[in-house]
Amino acid sequence: MSRHLLLASLFKDHYTWLRSRAARAMGCHFSGEDIAAETFLRVLGLPDLSAVREPRALLTTIAKRLMVDTWRRGDLERAYLASLQDEPANSVPTPDERAELVEMLLRLDQLLDGLPGLGKAVFVHSYLGGLTYVEIGQQLGISKSRVQQYMEQALAQCLLVLVP
């Protein structure tokens, strides 16, 4: 069977099921549509559709990853917007600047994936907040030497990801 026919059959047989399942998980019909559509876009990029033996398992795995990414993005965006409430009105970024900042935070979160939460916090406070190790330690309730250890872990993680 051709790639086009395989994809069409997969879509016809499973799209409605996946959309309903994603909508239920996301608590929103429109988000379910988005997740299902993005899932099939990812399937379109797979090299060999004929190798798919359990289509619903594949679709579920891809959709769950997309949902986690969506929730993570929402969490980061809410945290960022909450931090803006303390800023003066004239220093609040435009919607476009905000979107760029959220994208940057998502990329940074992916870059530091695998580090503990404090490790990520130390890195962000140091590089984005411009705080010293002593200030970071005071803010997070950890020692300066522990801050340094977390920074070493974060920088090692960055090297692993950025230098193939």
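In this structure, is residue 81 modelled with pLDDT under 80, part of a helix (DSSP H, G or I) and surrounded by 16 or more Cβ atoms within 10 Å (Cβ to Cβ)? Please lay out each step first, then the result.
On the way: modelled with pLDDT under 80: yes; part of a helix (DSSP H, G or I): yes; surrounded by 16 or more Cβ atoms within 10 Å (Cβ to Cβ): no.
Against the criterion (modelled with pLDDT under 80, part of a helix (DSSP H, G or I) and surrounded by 16 or more Cβ atoms within 10 Å (Cβ to Cβ)), residue 81 does not qualify.
Within the stretch 1-36, which residues are within 20 Å of residue 69 (Cα to Cα) and exposed (fewer than 14 other Cβ atoms within 10 Å of the Cβ)?
Across the stretch 1-36, the qualifying residues are 20, 24, 27, 28, 29, 30.
The values are calculated or read from the model by the stated rules, or taken from the named source; none is laboratory data. If you're wondering where the values come from, they're calculated on a predicted model, not measured in any experiment. Please note: Cβ atoms are built from the backbone with ideal geometry, for glycine as well, and neighbour counts cover all protein chains shown.
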